[in-house]
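Take a look at the following structure, please.
FYI, it's all coordinate maths here, none of it is from the lab. Keep in mind that this is a model prediction, so the values were computed, not measured. Glycine gets a Cβ as well: all are built from the backbone with ideal geometry, and neighbour counts include every protein chain shown.
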Amino acid sequence: MNVSSQRVGIIGSGSWATALAKMLLENVSYINWYFRKPETVALFKQFGHNPRYLRGVDFDTGKIRFFTDINKITEESEILVLAVPSVFLPLLLHNLKTDISRKLILSGIKGTISEKNLLVVEYLNSHYQVPFNAVGVIAGPCHAEEVALERLSYLTIACPDENRADSFARLIQSDYIITHTSDDIWGTEYTSVIKNIIAIAAGIVHGLHYGDNFQAVLVSNAIQEIKRFVDVVHPITRDIKSSAYLGDLLVTAYSQFSRNRLFGNMIGKGYSIKTAQVEMQMIAEGYYGARSIYEINQTYHVDMPVSGTVYRILYENESPSLAIEKLAAKLS
């Protein structure tokens, strides 16, 4: 893969998609970029930045080919970079007529396809016959807002094909993005899903006025919970303490930029789920992930007290204060 000459298409127009566009343009001569609304494209061209997200990031629009047709951008791109909320992916690809089974795909989606409880790599494989070794998964602690500020960040690209993992990594690396590679697409994807659930828990306890001491206990128990789950679902040798796993959990649970933590904080303060979702005007992936992981775990029966508590609060209307009180008695 000659990185600089690849035809790369970004599917998504939110903050993470915008951050990925910034990363990619450090290494490729131009990008293809899909937007759902033509009026958003018009504003982008007029002002030179995404009109809704990361407006402080200026782009040379001469290096961007804008698309509003999902079939045209997939036809025109050799590599597809997915950066949409997982809940919207099936709807977005519903009218896809282009064969993407031979495309290379880099997924920046940190959620499950909840209708089937599938990871993104599993969904692409089962519905579009994309081989697992043609998909790279972006993992690790990296908020879009800090990419916009060019603050040093570390990302891991997971792909079963080592050479492709290296090539994917070269696509997004720069002076402020340090990349590593892994072959653990299942472990990193599941971690990306569960850490969003844990971040909701962290937000809930903050909203309930628990302190830093309890937050630390919560997160230290959570990484053990993640390890138990991924070791059962996909048992390989992995270092759960590395940035692709623990680092991603920490930044999502503690950062001011974490939308899942914000969502949880609102729930802890007494907001209803619907009100919190409306006021955020963003998708908290952990809301959907909580149900998916709970349902998947009905097969594996892994001890997951933190994730289970979030599920009961969000889907069984359990009182956040009582649920966290019961959880606190189980943690060590």
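Counting helices only, and only those DSSP H runs with n ≥ 4, report the 222 nm mean residue ellipticity of the chain as the sum of -39,500 (n - 2.57) divided by its residues, in deg cm²/dmol to the nearest 500.
When only DSSP H runs of four or more count, the value is -15000 deg cm²/dmol.
Sketch the reach of a paramagnetic label on residue 45 as a point 7 Å from Cα along Cα-to-Cβ, and name the residues of the stretch 68-112 whose backbone nitrogen lies under 18 Å away.
Residues passing the 18 Å test: 68-70, 72-73.
Report the calculated FRET efficiency for residue 162 and residue 116 (r = Cβ-Cβ distance, R0 = 30 Å), to the nearest 0.05.
0.55
Oh, and also: Which of rounded, prolate or oblate describes the stretch 172-249 when judged by the alpha-carbon gyration tensor and an a/c cut-off of 1.5?
It is oblate, given that a/c is not under 1.5 and a/b is not larger than b/c.
To continue, here is another question. Using amide H atoms built in the peptide plane, which far-off residues or other-chain residues are under 5 Å from residue 181 H to H?
So residue 181 has HN proximity to 157.
Could I ask something else about it? Report the trypsin sites (Lys or Arg not before Pro) located in the stretch 68-171 that are in a DSSP loop and have at most 16 other Cβ atoms inside 10 Å of their Cβ, or state none.
97, 102, 116, 151
Using 0.36 nm times the number of residues separating residue 239 and residue 63, minus their current alpha carbon distance, what extension gain do you get?
59.5 nm
Which aspartates and glutamates does residue 22 reach when only Cα atoms under 16 Å apart count, and residues fewer than 8 places away in its own chain are ignored?
By straight Cα distance, residue 22 reaches 58, 60, 145, 146, 150, 175.
Here is a further query. With all pairs of different alpha carbon atoms counted, what Kirkwood hydrodynamic radius in Å does the stretch 54-103 show?
Averaging 1/r across every pair of different Cα atoms and inverting gives 12.8 Å.
Then there's this: May I ask for the angle, rounded to the nearest 10°, between helix 259-268 and the longest principal axis of the chain, with both axes built from Cα atoms and the value confined to 0 to 90°?
With both axes taken from Cα atoms, the answer is about 30 degrees.
Also, quick follow-up: Round to the nearest 10 and give me the degree value, 0 to 90, for the angle of helix 38-47's Cα axis relative to the longest principal axis of the chain.
Relative to the chain, helix 38-47 is tipped by roughly 80 degrees.
Could you pull out every residue, at least 5 positions away or on a different chain, whose amide H is within less than 5 Å of the one on residue 54? Hs are placed 1.01 Å off N in the peptide plane, and Pro or chain starts have none.
Amide H to amide H, under 5 Å and 5 or more residues apart or across chains, residue 54 pairs with nothing.
Still on this structure, please answer the following. What list of ³J(HN,Hα) values in whole Hz, one per residue of the stretch 81-95 in order, does the Karplus curve 6.51 cos²θ - 1.76 cosθ + 1.60 (θ = phi - 60°) give from phi, with Gly and Pro shown as x?
Here the 3J(HN,Hα) series is 9, 8, 9, 10, x, 4, 5, 8, 4, x, 5, 5, 8, 4, 9 Hz.
What ranking do 135-147, 44-56, 237-249 get when scored by the average of other Cβ atoms within 10 Å per residue, highest first?
Highest to lowest by the protection proxy: 135-147, 237-249, 44-56.
While we're here: Per residue Cα convex hull volume for the stretch 187-330, in cubic angstrom?
96
If you take the square roots of the eigenvalues of the alpha-carbon gyration tensor of the stretch 246-332 and sort them as a ≥ b ≥ c, do you get rounded (a/c under 1.5), prolate (a/b over b/c) or oblate?
Because its axes are fairly even, with a/c under 1.5, the stretch 246-332 counts as rounded.
Here is a further query. In Å and on Cα atoms, what radius of gyration and Dmax does the chain show?
Cα-based Rg and Dmax for the chain come out at 19.3, 58 Å.
Just to be sure I understand: of the beta bridges DSSP finds with both ends in the chain, what percent are antiparallel, rounded to 5?
Bridges in the chain that DSSP calls antiparallel: roughly 15 percent.
Would you list, by chain and number, the lysines whose Cα falls below 21 Å from the Cα of residue 330, excluding same-chain residues fewer than 8 positions away?
195, 227
Related question: For the chain, find the longest principal axis of its Cα atoms and tell me its angle to the long axis of helix 285-300, 0 to 90°, nearest 10.
Helix 285-300 sits roughly 70 degrees off the main axis of the chain.
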